[in-house]
């Protein structure tokens, strides 16, 4: 009987007996006994996790990450043009803001459908469908002439773009081993983080010099070019379809380049069907919600959501603060967001590497051998400690700097000091978000897209509430106290992460032990009959 995906463990012939269990458990034998022996060989350390070269892996991740930028671009390019759109369509700005609310509603819901489809049928068709919808919506937005069409097309635009970030995370899970997942997951996060940086500048410049319709024409062209790139070059990565890459997908799911080569890479050995993982028979949008019923998934997602919500809400008022206190134009304000984006990008080469380094360090301490390109077995391995150890100091330092940013702005400090502060916050917080996402993917590998959508849903619900509250709060107590309150909430969110850090391993062991007991009982009943 196959165990639930999350707690299924595989035997690793390279596993060393360290003689100690993670976090000084009562005994190594009892810890290992809690996890069942494998009944498949999906993660054998004797063969590469993927047969694709590192260059091909990075190329696929970059394309998936470019798709993930469509959602933040849709939002950030829209803000500078909303006043011009309202004037041109003859509606108030308050009414035009309803298009933002409708966008956010679809932004929270549509990824659950996209993720379920991608986990069942593959990442490539999901990306093609999403980008086709997004491109059509942008063409419609560029041509529409009344508010009703604007409202409906913004919903369609959200439906097309909102699931792409979860798809980028799923592609990362397909191609990267646990030991390297933090580094590769940073691609998607760092590139998507450039959306809120580039978007306001692009939207402001296009609206000012070419009119607001040019914003949507630009997005439509980007979507069409990216969709064509995926159609021609992007190969399927879902392990439920292609396994380690040696199994060809269905003919309709081949890239144009693969079709030209006959559908099979001649450098690969014969198809290894043992690496093809179980797939859902029917995609269900409720898969993401069901994953949140697990307390470890919920606690990790809630912590990430609180951090993201606080960061999004404080940076959302950065523009108005710069205009009010420093009298900057829209283009100058957009340029001030660049350090935030560069902080996220630099995290890929600095703080995110510490996450992967700590994974390898903990693996050595706990007796787990790491081989480049091989997926390590994690039965009896404390994933929570390996992923989250750096999160606590990073969040505490980020919280202190966030409070400092608020008071710097409150007392009209020199702008370089404010921008440097936000740069460091972005540098540290990106690493924490990568660690959270990597741990969730580790725990839900066969539902990688679904857990990404679940995390996205939590983040958007919390950030929507935070953005709604921060305006009145800022008006009532000032930006200094607003940032300080947010910083305190960040520190308090570590309580949830601390529970996962302390108890997550034992929770997984208990569930695996219960599942094994159920399997043994069922086997006894079958033999008795």
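Computed from the coordinates by the stated procedures, all read-outs in this text should not be read as laboratory data. Values in this document were obtained by computation on a predicted structure and should not be read as measured data. Here Cβ is always computed from backbone atoms with ideal geometry, including for glycine, and neighbour counts include all displayed protein chains.
Structure summary
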| read-out | value |
| --- | --- |
| Percentage, to the nearest whole number, of Cα pairs in the stretch 71-152 over 16 Å apart | 58 percent |
| Centre separation in Å (Cα based) which lies between the stretch 313-357 and the stretch 426-479 | 17 Å |
| Segment residue 332-residue 105, extension gain: residue separation times 0.36 nm, minus the distance between their alpha carbons | 78.7 nm |
| Within the stretch 142-178, backbone nitrogen closer than 19 Å to the virtual label 7 Å beyond the Cα of residue 91 toward Cβ | 142-160 |
| Distance between modelled label sites at residue 98 and residue 461, nm, 7 Å Cα→Cβ extension | 2.5 nm |
| Residue 489-residue 56 pseudo-label distance in nm [points 7 Å out on the Cα-to-Cβ vector] | 4.6 nm |
| 5 Å-binned pair-distance histogram of the stretch 362-509 (Cα, whole percent) | 2, 8, 13, 18, 18, 14, 10, 7, 5, 3, 1, 0 |
| Rg/Rh (Cα only; Kirkwood hydrodynamic radius) as it applies to the stretch 429-497 | 1.08 |
| Stretch gain in nm, segment residue 231-residue 424, where the contour uses 0.36 nm per residue and the Cα spacing is subtracted | 65.7 nm |
| Ratio of the Cα radius of gyration of the stretch 137-272 to 2.2 N^0.38 Å, where N counts its residues | 1.33 |
| 49, 212, 407 arranged by Cβ crowding within 10 Å, fewest neighbours leading | 407, 212, 49 |
| Where labels lie 7 Å past Cα in the beta-carbon direction, separation of residue 149 and residue 365 in nm | 6.1 nm |
| Extended-chain gain in nm, criterion 0.36 nm per residue less alpha-carbon gap, residue 298 and residue 251 | 13.1 nm |
| The stretch 304-434 - Rg (one decimal) and Dmax (whole number), Cα, Å | 18.2, 58 |
